[in-house]
Structures are given as C-alpha cells and as structure tokens.
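For reference, the structure discussed in these notes is given below.
Read-outs: derived from the displayed coordinates by stated rules, not from any lab. All values reported here derive from a predicted model rather than from experimental measurement. Neighbour counts are summed over all protein chains in view; Cβ atoms, including those assigned to glycine, are modelled from backbone coordinates with ideal geometry.
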Amino acid sequence: MQSLITVELPENPYQVLISPGVLASLAEHLQTLRLGRKILVVTNPTLQRHYGQQVVTSLEAQGFSVGVCILPAGERYKTLRSVQKIYDAALDQQLERSSTLVALGGGVVGDMAGFAAATWLRGIGVVQVPTSLLAMVDASIGGKTGVNHPRGKNLIGAFHQPRLVVIDPQVLKTLPRREFRAGMAEVIKYGVVWDQTLFTHLEAQSRLDNLLTPEALQVVLTRSCTAKAQIVGQDEREAGLRAILNYGHTIGHALESLTNYRLINHGEAVALGMGLAGELALKLGLWDQTSYQRQQTLLERAGLAIPMPTGLEPQAVLACLQTDKKVMAGRVRFVLPTGLGSAIVTDQVPRDLVEQLLVNHLGA
C-alpha cells in the first residue's frame, strides 16, 4: 500500500508519501530532493529512542552529515526557548542555506522545526516526518509553523512549506492510545467540513479509539491528507477557504491556553471545540440535529467524549477568544458546519449566544 499526494502550490509544490515501512528508506527519498549534505534531525527523547538512530544511520549511509537536536516532549515546551535550542544545534552543525532540518516527531516537533527552518539563515529546507496521527493528517502538511505565546496558542510563526512529507503508518504502533484518539479529532474534522465520504468511512469502522486495520488506516490517512492538500492548494496562506480547517480550534485553542497546555491535549481540545461549534451551528439553524448527533457519536466512539475542564470562567474564555488568529476588526470568526462535508467561516455569531453556551457547559 502506498499513496502519493501532491500539494499543488504555485511556487513550492511538494509531495506527501504515505507508505508502511517507508521510514527505513527515508534517506533514499531525501536523495531525490538534491539536498545539501548537512542535515539536522529535530526530535524528542521518546522518538529518539524508538526511531532516531535508525534515521541517523540511514542518512549517514547515504552520505549525509547528520546532527541531532533533542527537545523535551509536550505542548508546554512549544516555545521560543525550545526554538533557541534548535538554533544552537544548527550553529554547532554549521548548517548552511543548502542544509535541511528533518522534523521527526509529532505536531509540536514539526511546528518548531518548521519555524526554525523558516527563520534560520532567512530560510532553509525542512522535511516533515510525522510520527503521531495528528501530525500525519494535519500539522505536517500546509506549511504552518510556529510556537505558543503564554497568552495564546500559535501566535508566533511563519508559513514555510516542507520539501517533502514522509508518513510511515507503522510508527503509530508505538503511539500511546490517548495520542491516537487525539489525532482522530482532526480526522473527524475533515469528514465534517470537507469530505463526507471520509465521514461515512469512519462510521463504518468497528472501533475508532485504537489503531485501525492497515487497510482502514491507509484510507483514513490518504483521504485526510488529500483533503488538507486540496484546501492548502487553493488557499496557501489562509486568506479564505483554508480557515475552515480551524473547525473546533477557536474555542479549543482557548481551552488549551487557559489550562496551560497541561490538562487536555490538542485533539481533546479540538473535540470539545467541535462539539461547541456544532451546537452553535445547530442553534443558528445552519445544520440539523441528525448531522450534529452523528458528529457527536463519532467523537464518542473515538474516545473523545471527555468532560470540559473544570474551574474555567466563561468570561475568561470569551476574553481568550479575542486573541484568536481569525479575529478580524475585533470580531471573533467561527467555523461552523452547514452539513456533513461543508462549513462556513462567519463573524455573525451573537456574543450572548456564545456566552450562554459557555455558561451552560462551564457554569456561571
């Protein structure tokens, strides 16, 4: 099984390769890109233990000079301080403009390595090798890079497209179940906002909270990555259409930020945000109760029917929403579904409706 998806961009098109076992031949695929000889692998301790040496050995066997930068794992370390460690390693490795960063890890590693690549020497190449389901279907594709500010998620960043995305589904065997469930939130998101066929495929699976069969997983990865590629190909810098990919993220990011990225992970926050956004769409008459319930059933089957974080004030969430990247002219813009497979971005959501929703779910 192998899928090859092209992200069609005017200036920097690239491919997403999905193939079981491809990690073993990563260096050969990098050779076809005609990269400079110096590579810095950015990863975390867990991924270094599982796959780091395999990647380094294969790269060195193809004649690359390889350095490794190991960053602490976790969203709370997605900061400029961590990026500074990548810069220090780049300097030690004497990276040049022809050099490349290889991001071996989940979305946190990918975002930080991408941002470092965008800014080191005013821009060097990056190859994304995602190892979590969430990173495979979302973070590794599209060129969004960045870090968190203490008062908001992903407020510091740049668009910097990768040279290549290499996805090996077999690495998900070592992914903790909670992290697999987190990735399923993004998969379900694609089904809601873009690909009804994917949504129906998910409904047909016997279970969604653990590793799927290889065949079902290949379909999930291929359709999710294709959806992301199609949307990014039409709107590289989120001037319009691409904003629908933030479904569930508006309130979800606020929940992550207000809990200091410690209580819930990104996928769990997105799942909660999808539930709330779906309820807003229902109250505004944008979609029907049946579609909303089908979404909630999928989230529940994926193990994402989690309680809202305790101790949060509705007013604090409302204030945090004002720092969302989609805010325009002071108005919060929400991504709301209009049916399974379609969504809109709108700022026509009454504040009192959002406030009442938050009161209902968080308490006064």
Open item on the list: Can you tell me, using C-alpha contacts under 8 Å and at least 6 residues apart, the relative contact order of the chain as a whole percent?
Closed with: 15
Task: Ranked list, fewest to most other Cβ atoms within 10 Å of each Cβ, for LEU134, LEU198 - done: LEU198, LEU134
TODO: Could you work out how far helix 80-92 tilts from the main Cα principal axis of the chain, as a 0 to 90 degree angle to the nearest 10?
DONE: 10
Task: Net charge of neighbours whose Cβ lies under 13 Å from the Cβ of LEU255, counting Lys and Arg as +1 and Asp and Glu as -1 - done: -3
- [ ] Measure nothing but the geometry: give the 0 to 90° angle between the long axis through the Cα atoms of 249-258 and the longest principal axis through the Cα atoms of the chain, rounded to 10°.
- [x] 80
Task: 10 Å-binned pair-distance histogram of the stretch 1-113 (Cα, whole percent) - done: 13, 42, 38, 8
- [ ] Add +1 for every Lys or Arg and -1 for every Asp or Glu among the other residues with Cβ under 15 Å from the Cβ of ASN210, and state the total.
- [x] +3
TODO: For VAL102, enumerate residues with amide H under 5 Å from its amide H, sequence gap 5+ or separate chain, H modeled in the peptide plane.
DONE: LEU40, VAL41, VAL42, VAL127
Task: Using θ = phi - 60° and Karplus 6.51 cos²θ - 1.76 cosθ + 1.60, couplings along the stretch 286-300 (whole Hz; Gly, Pro as x) - done: 7, 9, 9, 4, 4, 5, 4, 5, 5, 4, 5, 5, 5, 4, 5
TODO: Provide the per-residue ³J(HN,Hα) series for the stretch 188-201, in order, calculated from phi with Karplus coefficients 6.51, -1.76, 1.60 and θ = phi - 60°, each as a whole number of Hz, with x at glycine and proline positions.
DONE: 4, 4, 4, x, 6, 8, 9, 10, 5, 4, 4, 4, 5, 4
- [ ] Report, by chain and number, residues whose modeled amide H sits under 5 Å from the one on ILE344, excluding near sequence neighbours (fewer than 5 apart, same chain).
- [x] LEU336, THR338
Open item on the list: With angles folded into 0 to 90 degrees, how steeply does helix 266-283 sit against the dominant principal axis of the chain? Use alpha carbons for both and round to 10.
Closed with: 30
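What does the charge count around TYR190 come to, taking other residues whose C-beta lies under 12 Å from its C-beta (Lys +1, Arg +1, Asp -1, Glu -1)?
Residues near TYR190 contribute 0 overall.
Determine the equivalent ellipsoid of the chain by diagonalising the alpha-carbon gyration tensor, then write out the semi-axes as square roots of 5 times the eigenvalues, largest first, rounded to whole Å. Don't skip to the end; give the middle numbers.
Details: eigenvalues 227, 98, 66 Å².
Equivalent-ellipsoid dimensions as semi-axes: 34, 22, 18 Å.
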Open item on the list: As an exercise, find the ratio Rg/Rh for the stretch 142-234 from alpha-carbon atoms, using the Kirkwood inverse-distance average for Rh.
Closed with: 1.00
Open item on the list: Which one, SER65, LEU208, VAL137, is farthest towards the positive end of the dipole of the chain when Lys and Arg carry +1 and Asp and Glu -1 on their Cβ?
Closed with: SER65
Open item on the list: If the only charges are +1 at each Lys and Arg Cβ and -1 at each Asp and Glu Cβ, what is the size of the charge dipole of the chain around the Cα centre, to the nearest 20 debye?
Closed with: 540
Open item on the list: What is the distance in Å between the Cα centroid of the stretch 46-74 and that of the stretch 131-175?
Closed with: 18
Task: Residue exposure sequence - THR310, THR6 - by fewest surrounding Cβ within 10 Å - done: THR310, THR6
TODO: Would you list, by chain and number, the lysines whose Cα falls below 20 Å from the Cα of LYS228, excluding same-chain residues fewer than 8 positions away?
DONE: LYS144, LYS189, LYS325, LYS326
Task: Relative packing of peptides 213-226, 337-350 - highest average C-beta neighbours within 10 Å first - done: 213-226, 337-350
Open item on the list: Contact order normalised by length for the stretch 299-364, with contacts defined as Cα pairs under 8 Å and 6 or more residues apart; what percent is it?
Closed with: 36
Task: Kirkwood Rh and Cα Rg combined as Rg over Rh, evaluated for the stretch 177-362 - done: 0.95
- [ ] With an 8 Å cut-off on Cα pairs and a minimum separation of 6 or more residues, tell me the relative contact order of the stretch 74-174 in percent.
- [x] 27
Task: Virtual spin-label span in nm between SER98 and LEU263, 7 Å along Cα→Cβ - done: 5.2
- [ ] Write down the radius of gyration of the stretch 125-166 and its Dmax, each obtained from C-alpha positions, in Å.
- [x] 11.0, 33
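Suppose we keep just the DSSP beta bridges with both residues in the chain; what percent of those would be antiparallel, to 5?
40
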Open item on the list: Using alpha carbons only, how many angstrom separate the centre of the stretch 82-128 from the centre of the stretch 287-364?
Closed with: 34
TODO: Per residue of the stretch 29-46, in order, report the coupling 6.51 cos²θ - 1.76 cosθ + 1.60 (Karplus, θ = phi - 60°) as ³J(HN,Hα) in whole Hz, putting x for Gly and Pro.
DONE: 5, 5, 4, 5, 7, 6, 7, x, 6, 9, 10, 10, 8, 10, 8, 10, x, 5
- [ ] Would you mind ranking TRP287, TRP194 by Cβ crowding within 10 Å, fewest neighbours first?
- [x] TRP287, TRP194
TODO: Kindly provide the helix-only [θ] at 222 nm of the chain, computed as the sum of -39,500 (n - 2.57) over DSSP H runs of four or more divided by all residues, to the nearest 500 deg cm²/dmol?
DONE: -12500 deg cm²/dmol
TODO: Assign one of three labels to the stretch 295-364, namely rounded, prolate or oblate, based on the Cα gyration tensor with a ≥ b ≥ c the square roots of its eigenvalues; rounded applies when a/c is under 1.5, prolate when it is not and a/b is larger than b/c, and oblate otherwise.
DONE: oblate
